[in-house]
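Below is one structure, written out as structure tokens; comments come after it.
The values are calculated or read from the model by the stated rules, or taken from the named source; none is laboratory data. No experiment lies behind these values; they were computed from the predicted model shown. Remember, those area values only see protein heavy atoms, side chains included, never the ligands or the DNA or RNA. Shrake-Rupley method; radii C 1.70, N 1.55, O 1.52, S 1.80 Å.
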Amino acid sequence: MAAYVVMEPPGRSEKVDTTTFVRDGFTWIGLLVPPLWLAWHRLWIEAGIAFVVMGALSMLGQNLGLGLAGSLLSLLVSLYVGLEGQGLRIAALRRRGWHEWGVVQAGRLDDADIRYAHEVEGQAEEAPPAPRIVPDAALARPAQPGIALGLTHIPGRP
């Protein structure tokens, strides 16, 4: 079973359809074509950085005469996107104002959506917590005049 991070849009609307499920784990397409995978998920800056770094590492390896090792250097970027790509998506959603509702364990995306919908319905049916009773500050005992040295102040004693 996979873990899906449930991200809700800003404003916390009551619509369940607007949530996004991000599968927490390795992404094979992110390993094979990192800039395209990042661009597909609208991570434009990250896609540009990955493209530039992969090209720079390949050119560096070619200029130093490393041969195949130079191309393998760009594989490090691919491996990073494969391992941390979903985390980059979650971070981008947080920057856009989305908040994390929680994590749902499911075998497929459809099952995760159903489990999330049941959890939201269960929370809506629960009674709201009782209001917390906090005494009003205006009813507090007024401060006693005079200088008090020590832990307690006894009025009328020097």
Long-range amide H contacts for His99: which residues qualify at under 5 Å (H placed 1.01 Å from N, peptide plane, sequence gap of 5 or more or a different chain)?
Glu8
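Using a 1.4 Å probe, what is the accessible area per residue for the stretch 38-121, in Å²? Before the final figure, lay out the partial values.
Values: 5450 Å² over 84 residues.
Averaged over the residues of the stretch 38-121, the accessible area is 65 Å².
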Accessible carbon and sulfur surface of the stretch 21-80 relative to its total accessible area, %, 1.4 Å:
75 percent
What's the extension gain from Arg42 to Asn63 if we count 0.36 nm per residue and subtract their Cα-Cα distance?
4.3 nm
Please list, in order along the stretch 109-123, the HN-Hα scalar couplings obtained from phi with the Karplus expression 6.51 cos²θ - 1.76 cosθ + 1.60 (θ = phi - 60°), rounded to whole Hz, x for Gly and Pro.
5, 4, 5, 5, 5, 5, 5, 5, 4, 5, 5, 5, 5, x, 6
